[in-house]
1. Mind telling me which of the residues 75, 82, 60, 29 ends up being of a type in the set (Gly, Ala, Ser), under 19 Å from residue 286 (Cβ atoms) and in a loop (DSSP other than H, G, I, E, B)?
2. Run residue 166 past the list (1) surrounded by fewer than 20 Cβ atoms within 10 Å (Cβ to Cβ); (2) not assigned by TED's automatic domain parsing to the domain that holds residue 93 and report the number of the one that doesn't hold.
3. Residue check: is residue 130 on the phi < 0 side of the Ramachandran plot, out of contact with any strand residue (DSSP E or B) (no Cβ under 7 Å at 6 or more places or on another chain) and of a type outside the set (Lys, Arg)?
4. Could you list, in sequence order, the residues of segment 102-140 that are part of a helix (DSSP H, G or I) and among the hydroxyl-bearing types (Ser, Thr, Tyr)?
5. Just the residues that are over 21 Å from residue 30 (Cα atoms), part of a helix (DSSP H, G or I), free of Cβ contacts under 8 Å to residues at least 60 places away in the same chain and not basic (Lys, Arg), please, taken from segment 202-236.
6. Restrict the check to segment 141-160 and report whether at least one residue is free of Cβ contacts under 8 Å to residues at least 12 places away in the same chain, surrounded by fewer than 19 Cβ atoms within 10 Å (Cβ to Cβ), of a type in the set (A, V, I, L, M) and in a helix (DSSP H, G or I).
7. Could you tell me which residue of segment 108-138 is farthest from residue 57 (Cα to Cα), considering only residues that are among the β-branched types (Val, Ile, Thr) and in contact with a helix residue (DSSP H, G or I) (Cβ under 6 Å, 6 or more places away or on another chain)?
8. Would you check if there is a residue in segment 247-266 being free of Cβ contacts under 8 Å to residues at least 40 places away in the same chain, in the same structural domain as residue 90 (by TED's automatic domain parsing), assigned to a loop (DSSP other than H, G, I, E, B) and more than 20 Å from the chain's Cα centre (by Cα)?
Amino acid sequence: MLFEVASSSLPAERAVSGTSAPVGIFDSGLGGLSVLRAVRAALPHEPLAYVADSLYAPYGERDDDFIVDRTTAIGEWLVARGAKALVVACNTATAQSIAHVRERLAIPLIGVEPGVKPAALLSKTRVVGVLATAVTLRSLRFQTLLDRYASDCRFICQPGHGLVQAVERCDTSSPELMALLAGYLQPMLDAGADTLVLGCTHYPFLDEAIRSIAGDRLQIVDTSVAIARQLERQLDTHGLRTVDTDALLVPRFFSTADGESQRQLAASLLGIDARVGHVVIPSRRTRPLSGIA
């Protein structure tokens with residue numbers, strides 16, 4: 001078995017080579033399932049392994065060193081178990097750690113970033129809303145995107161406090177969630193925004209809620225499809241594509257928490273009913289918390 005489950009220690013390392021090795025997809029929690037959905041649609045024959053660091057989510061409330069530490073540890077864990085490529089399906093982790101992790105991992109690495117460029121191309125009013133975590137919005141990577149692509153646009157940047165937590169508990173439509181979301185969106189609409197950038201991979205699961213508030217007044221920019229295309233290009237470039245078969249492979253799911261919310265969300269929103277394995281992935285910042293010397 002490629003990915004063995006551990007409850008108190010790391011699984012034994014088991015390298016897998018060749019095109020039958022899995023693509024690792026990692027997020028601080030459940031938001032990366034939106035990226036997994038797009039990857040699975042584009043590459044249905046690729047084996048996928050998804051790791052949610054839900055024990056320490058959300059990363060948007062963590063300091064930069066913690067984010068780098070966890071992203072590196074989980075990337076190394078996936079590589080040690082044979083991952084042939086890694087998708088960091090978390091805007092916050094990409095913004096704060098992608099350069100560091102690229103230096104540590106000798107496999108193709110795909111990050112995510114808010115769709116500032118496509119939003120600037122789409123907007124007719126030249127007013128664009130951005131929902132993202134506070135860490136993403138303050139990052140140099142995001143500010144560079146604004147400087148590069150948004151010189152003639154007004155970008156209204158709103159930290160989505162509470163939205164990640166709502167998705168993590170499978171809440172995509174409660175009255176409390178709708179009120180919170182409306183409070184974020186209405187000022188954008190009042191300012192004339194006609195485009196909304198979803199700057200966190202959790203937020204596509206709120207697509208229906210957003211549309212119920214904004215109707216057709218906002219074009220929604222979700223970069224998950226572009227991420228899947230970039231992964232496909234990287235696999236082709238490096239000769240790592242799995243030979244097509246008739247089988248639609250079921251992804252393997254892992255969580256540093258109990259995994260029940262992950263199982264529920266995968267079942268309800270992706271139509272995948274699969275067991276979620278619990279894993280312990282220690283790192284420099286979390287060894288004391290996990291009781292590992």
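The values are calculated or read from the model by the stated rules, or taken from the named source; none is laboratory data. None of the values given here were measured: they were computed from a predicted structure. For neighbour counting, all protein chains shown are included, and Cβ atoms are generated from backbone atoms with ideal geometry for every residue, glycine included.
1. Details: 75 fails: in a loop (DSSP other than H, G, I, E, B); 82 fails: under 19 Å from residue 286 (Cβ atoms); 60 fails: in a loop (DSSP other than H, G, I, E, B).
None of the other options fit; the residue is 29.
2. Tallying (1) surrounded by fewer than 20 Cβ atoms within 10 Å (Cβ to Cβ); (2) not assigned by TED's automatic domain parsing to the domain that holds residue 93, residue 166 fails exactly one: (1).
3. On the way: on the phi < 0 side of the Ramachandran plot: yes; out of contact with any strand residue (DSSP E or B) (no Cβ under 7 Å at 6 or more places or on another chain): no; of a type outside the set (Lys, Arg): yes.
When the stated conditions are applied, residue 130 does not pass them.
4. 136
5. 212, 213, 214, 236
6. Checking segment 141-160: not a single residue is free of Cβ contacts under 8 Å to residues at least 12 places away in the same chain, surrounded by fewer than 19 Cβ atoms within 10 Å (Cβ to Cβ), of a type in the set (A, V, I, L, M) and in a helix (DSSP H, G or I).
7. Let us first name the residues in segment 108-138 that are among the β-branched types (Val, Ile, Thr), namely 110, 112, 116, 125, 127-128, 130, 133, 135-136.
Pick out the ones that are also in contact with a helix residue (DSSP H, G or I) (Cβ under 6 Å, 6 or more places away or on another chain) and you get 110, 112, 116, 128, 133, 135-136.
Working: 110: 21, 112: 17, 116: 25, 128: 28, 133: 12, 135: 13, 136: 14 Å.
So the residue we want is 128.
8. no
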